[in-house]
Amino acid sequence: MQSVSLKLFVELNNVESWRTTPGRVTFGAGDCSVRLNGVNKWKRSCRMIARASDRDAGAGPESQSEQNTSSVFERNQFYALMKQQMELAVMSENYEEAARLRDSLKLFEEEEPVLRLQALMKEAVANERFEDAAKYRNQIKEIAPHYLLKCSSDATTLGIRVQARSVYIEGRSQPLRGQYFYAYRIRITNNSNRPVQLLKRHWIITNANEKSEDVWGIGVIGEQPVILPSNSFEYSSACPLTTPSGRMEGDFEMKYIDKVGSKTFNVAVAPFALSALGDVIEDT
């Protein structure tokens, strides 16, 4: 297997001074040669040179599989960085650079295993080659099983339905600093015949390195809403992450309010992905 060695130089120009920060990251990929030069509206220039290396050319199939799986995070981090640099190039009206970055992204998408297999799967479904589609789907499962999780979820507990949807906020993310920002929207529908009140929330937030954090709080967005039968309550919030992908899940503590002394109960929020790439696997 070949790998790409990426050497990154960042120069930040502000009113006060110039500052240069060198860095280096290596991740697995196919044959690839990428050179990017971008300037954003804050006068930050980013020059990246990626070159292929044959140091892993003799690795066996099992070793290749392990390295493919472990390098998904780094490849996605690079992909998210390139996307942001293209947006910044457009904002600064550096259209020549934006075009180069667009072409580099297209090349990357063609060579990145998960994205390439996703495109092949979509094409197979469109042409009703369902056996091929299933084959590509299974290959994605082998490479990155956690990518099967969607950016949305839907679960019902005791007649209380909770729908969740996340979206990557590119404008508030800084891949160079390992900062990724996600917004999510929650819709709670009371399909029972009793009014309920949301009392507490509990979130489990897990990043791409399987590091989890538990977050507890009173109500949601400062409220403890009462939801009547056949009614819904919606709210939006946000979650920062240190990796370009991860997941959220949790539960809401609720109680019926039509009877004094009712016990509280937990309503599940099914896991949903936080992903800079969006949904990789779509319904087939």
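Summary of computed values
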{"item": "In the stretch 158-175, the residues that are surrounded by fewer than 17 Cβ atoms within 10 Å (Cβ to Cβ) and polar (S, T, N, Q)", "result": "Gln174"}
{"item": "Pairs with Cβ under 7 Å, 6+ apart, first in the stretch 194-209 and at pLDDT below 95, second in a strand (DSSP E or B) and not hydroxyl-bearing (Ser, Thr, Tyr)", "result": "Thr206/Gly246; Thr206/Arg247; Asn207/Leu241; Asn207/Gly246; Ala208/Gly246"}
{"item": "Residue in the stretch 247-284 that is farthest from the chain's Cα centre (by Cα), counting only those that are modelled with pLDDT under 90 and surrounded by 14 or more Cβ atoms within 10 Å (Cβ to Cβ)", "result": "Ile281"}
{"item": "Residue tally, condition more than 16 Å from Ala270 (Cα to Cα) and crowded, with 16+ Cβ neighbours inside 10 Å, over the stretch 176-193", "result": "6"}
{"item": "Test: residue in the stretch 201-209 that is loosely packed, with under 12 Cβ neighbours inside 10 Å and either under 22 Å from the mean Cα position of the chain (by Cα) or under 30 Å from Leu105 (Cα atoms) (or both)", "result": "yes"}
{"item": "Any pair with Cβ under 9 angstrom, 6 or more apart, that starts in the stretch 115-134 at a residue that is basic (Lys, Arg) and ends at one that is exposed (fewer than 14 other Cβ atoms within 10 Å of the Cβ) and not in a helix (DSSP H, G or I)", "result": "Lys122/Glu282; Lys122/Thr284"}
{"item": "Some residue of the stretch 141-158 being of a type in the set (Val, Ile, Thr) and in contact (Cβ under 8 Å) with a residue 60 or more places away in the chain", "result": "yes"}
{"item": "Residue list for the stretch 151-193, filter: of a type in the set (A, V, I, L, M, F, W, C), part of a strand (DSSP E or B) and under 12 Å from the mean Cα position of the chain (by Cα)", "result": "Val167, Phe181, Ala183"}
{"item": "Residue ranges of helices (runs of 4 or more DSSP H) in the stretch 42-141 with at least 3 members at pLDDT 75 or above, more than 28 Å from Thr242 (Cβ to Cβ) and charged (D, E, K, R)", "result": "95-111"}
{"item": "Residue, surrounded by the fewest Cβ atoms within 10 Å (Cβ to Cβ), within the stretch 97-110, restricted to residues that are of a type in the set (Asp, Glu) and under 22 Å from Leu176 (Cα atoms)", "result": "Asp103"}
{"item": "Enumeration of residues in the stretch 213-235 that are under 18 Å from Tyr184 (Cβ atoms) and surrounded by fewer than 13 Cβ atoms within 10 Å (Cβ to Cβ)", "result": "Glu213, Asp214, Val215, Trp216, Gly217, Ile221, Gly222, Glu223, Glu234"}
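Residues checked against (1) hydroxyl-bearing (Ser, Thr, Tyr); (2) under 17 Å from Asp154 (Cα atoms); (3) in contact with a helix residue (DSSP H, G or I) (Cβ under 6 Å, 6 or more places away or on another chain):
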| position | (1), (2), (3) |
| --- | --- |
| Tyr184 | yes, yes, no |
| Pro195 | no, no, no |
| Leu199 | no, no, no |
| Trp203 | no, yes, no |
| Ser237 | yes, no, no |
| Leu241 | no, no, no |
| Glu249 | no, yes, no |
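The values are calculated or read from the model by the stated rules, or taken from the named source; none is laboratory data. This structure is a prediction, so every number in the text was calculated from the model and none was measured. Neighbour counts run over all protein chains shown; Cβ positions are idealised from the backbone, glycine included.
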